[in-house]
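The structure appears right after this line, and notes come after that.
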Amino acid sequence: MQCQNCDVLVIGLGPAGAVAAAEAAKAGLKTIGFDGKSRAGYPVQCAEFVPSLLTNETLAAYHQSQQLIDKMVTFVEDELPDEKIPFSGRIIDREKFDAELCEIAKNCGAELHFGKKLIKLDGNKAVFSDGTSVIAKVIIGADGPHSFVGKSVGLINNETLETRQITIQLLSPIKSTDIYLSAKYIGGYGWLFPKNETANLGIGVAHEKRHLLKPLLEELHSRLIAEGRVGSEILYTTGGAIPVGGMIKPYAKSGDATIILAGDAAGLTNPISGAGIPAAVVSGRMAGETAASLLNGNIEAAEDYEQELHELFGTSLKRARAHFEKLLAIHKDGVPNPAQLRNGWIAYDEYWSEKFNNDAKGETYDLLEA
């Protein structure tokens with residue numbers, strides 16, 4: 001069995017992990033990253049929309065753009081759609097996006113491995129599926145909503161949304177993200193995100209309603225076929241979990257190692273919109289910086305990391321979580337009406353009317369999630 005030592009071990013090489021590995025390596029730390037996937041970004045488990053502001057964080061969002069988005073169109077039940085203009089964003093090629101971020105990390109000096117799954121975390125020692133073991137001073141868990149790293153130290157996302165998505169032919173071009181709100185989509189919504197000649201069509205629902213995903217998506221697909229908007233052939237099918245419980249404590253000790261969580265593993269995905277890529281990139285950068293600060297002797301670096309996450313994302317997550325809980329409560333007592341569905345969606349003024357605090361950074365990232 002091969003055993004290695006390093007300063008920083010990164011588990012999960014999606015956007016959060018790749019950016020974290022790059023930051024740690026840039027700081028001169030011996031950084032090793034592992035991902036159970038056979039290659040970066042594959043299979044794709046993402047609707048692939050990102051806000052335009054993400055290009056301020058990484059040019060990979062610019063390099064891997066498939067098409068620009070200029071508005072959001074929201075369909076509430078069978079009513080006429082509502083348009084939100086401007087709504088600036090990009091549809092990216094998620095596989096190439098992840099691959100570019102990993103290439104950046106390697107160019108910074110990080111050693112990356114794919115197809116090797118973490119199977120055991122014992123203190124500061126990680127053991128992988130191929131028998132490799134690594135002893136690290138800092139372990140960054142960027143391994144998604146069901147984070148193995150987080151579970152190993154009791155930091156668990158207890159509430160998730162389940163999604164199912166198909167890629168289909170788009171019969172006429174659109175430059176909007178189309179959103180479908182319905183009382184049938186308990187805890188979530190439907191979407192049609194264009195990628196030039198194709199589109200991602202998907203639905204998310206609360207975990208306990210996941211058995212409804214396939215028939216609900218088939219129904220939405222049939223509706224769009226009847227409207228003459230999309231083709232019947234399914235080119236690709238995917239799905240996955242989204243954490244919707246809000247941010248969890250993002251650090252802990254594991255033997256002699258400090259554990260730091262980033263992205264979905266830290267519960268940073270917006271519970272209403274499902275947006276998680278911006279938070280993954282930002283928190284990944286911060287996690288890598290935190291690892292460097294810790295190893296340079298700043299014993300409060302992990303606490304500072306948690307505080308900064310709250311300052312950046314706390315307002316957004318708190319607002320989204322409140323709307324999420326309100327809608328679920330309505331479902332328990334009956335069926336939400338169109339006005340209630342609008343109140344819980346980011347395209348409408350009602351969503352933003354309630355103020356949770358006056359944190360300027362929080363408001364900035366709240367809008368970025370929108």
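The values are calculated or read from the model by the stated rules, or taken from the named source; none is laboratory data. These numbers come from a predicted model, not from an experiment. Neighbour counts run over all protein chains shown; Cβ positions are idealised from the backbone, glycine included. We work out accessible area using only protein heavy atoms, side chains counted, and drop any ligands, DNA or RNA first. Shrake-Rupley method; radii C 1.70, N 1.55, O 1.52, S 1.80 Å.
Results for (1) open to solvent by 60 Å² or more (accessible area, probe 1.4 Å); (2) without any contact (Cβ under 8 Å) to a residue 60 or more places away in the chain; (3) in contact with a Gly (Cβ under 9 Å, 6 or more places away or on another chain), shown as yes or no for each residue.
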{"site": "Q2", "(1), (2), (3)": "yes, no, yes"}
{"site": "L13", "(1), (2), (3)": "no, no, yes"}
{"site": "E23", "(1), (2), (3)": "no, no, yes"}
{"site": "Y42", "(1), (2), (3)": "yes, yes, no"}
{"site": "M72", "(1), (2), (3)": "no, no, yes"}
Original post:
Pick from the range 25-40 the residues that are out of contact with any helix residue (DSSP H, G or I) (no Cβ under 6 Å at 6 or more places or on another chain) and of a type outside the set (A, V, I, L, M, F, W, C): which of them is most open to solvent (accessible area, probe 1.4 Å)?
Top reply: K26
Original post:
Does I168 satisfy being touching a strand residue (DSSP E or B) at 6+ places or on another chain (Cβ under 7 Å), at negative phi and open to solvent by 40 Å² or more (accessible area, probe 1.4 Å)?
Top reply: no
**OP:** Kindly list the number of the only condition in (1) modelled with pLDDT of 95 or more; (2) assigned to a loop (DSSP other than H, G, I, E, B) that fails for V44.
**Re:** (1)
**OP:** Identify the residue in the range 296-319 that is among the aliphatic types (A, V, I, L, M), part of a helix (DSSP H, G or I) and without any contact (Cβ under 8 Å) to a residue 60 or more places away in the chain and, among all such residues, is surrounded by the fewest Cβ atoms within 10 Å (Cβ to Cβ).
**Re:** A301
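Can you pull out the residues in the range 183-202 that are open to solvent by 10 Å² or more (accessible area, probe 1.4 Å) and at negative phi? Give the steps one after another, and end with the answer.
To start, the set of residues in the range 183-202 that are open to solvent by 10 Å² or more (accessible area, probe 1.4 Å) comprises 183-189, 191, 193, 195-198.
Correct list: A183, K184, Y185, I186, G188, Y189, W191, F193, K195, E197, T198.
Quick one: is F49 touching an Asp or Glu at 6+ places or on another chain (Cβ under 6 Å), touching a residue at least 60 places away in the same chain (Cβ under 8 Å) and either open to solvent by 70 Å² or more (accessible area, probe 1.4 Å) or of a type outside the set (D, E) (or both)?
Values: touching an Asp or Glu at 6+ places or on another chain (Cβ under 6 Å): no; touching a residue at least 60 places away in the same chain (Cβ under 8 Å): yes; either open to solvent by 70 Å² or more (accessible area, probe 1.4 Å) or of a type outside the set (D, E) (or both): yes.
It is false that F49 is touching an Asp or Glu at 6+ places or on another chain (Cβ under 6 Å), touching a residue at least 60 places away in the same chain (Cβ under 8 Å) and either open to solvent by 70 Å² or more (accessible area, probe 1.4 Å) or of a type outside the set (D, E) (or both).
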Original post:
Which condition does L268 not pass, out of (1) open to solvent by 10 Å² or more (accessible area, probe 1.4 Å); (2) part of a loop (DSSP other than H, G, I, E, B); (3) closer than 20 Å to A16 by Cβ, if it passes all the others?
Top reply: (1)
Original post:
Going by the structure shown, is M286 touching a helix residue (DSSP H, G or I) at 6+ places or on another chain (Cβ under 7 Å) and more than 23 Å from S52 (Cα to Cα)?
Top reply: no
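Quick one: would you say S65 is of a type in the set (S, T, Y), touching a Leu at 6+ places or on another chain (Cβ under 9 Å) and touching a residue at least 12 places away in the same chain (Cβ under 8 Å)?
Details: of a type in the set (S, T, Y): yes; touching a Leu at 6+ places or on another chain (Cβ under 9 Å): no; touching a residue at least 12 places away in the same chain (Cβ under 8 Å): yes.
When the stated conditions are applied, S65 does not pass them.
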**OP:** May I ask you to list the residues in the range 125-179 that are in a strand (DSSP E or B), closer than 30 Å to T198 by Cα, out of contact with any helix residue (DSSP H, G or I) (no Cβ under 9 Å at 6 or more places or on another chain) and polar (S, T, N, Q)?
**Re:** T167, Q169, S176, T177
Original post:
Out of (1) modelled with pLDDT of 95 or more; (2) farther than 21 Å from A280 by Cα; (3) open to solvent by less than 30 Å² (accessible area, probe 1.4 Å), the odd one out for K116 is which?
Top reply: (3)
Original post:
Do we find a residue being outside any strand (DSSP E or B) and either under 16 Å from the mean Cα position of the chain (by Cα) or within 30 Å of T167 (Cα to Cα) (or both) anywhere in the range 23-37?
Top reply: yes
Subject >> Test set (1) open to solvent by 30 Å² or more (accessible area, probe 1.4 Å); (2) touching a residue at least 24 places away in the same chain (Cβ under 8 Å); (3) part of a helix (DSSP H, G or I) - T237 fails condition number >> reply: (3)
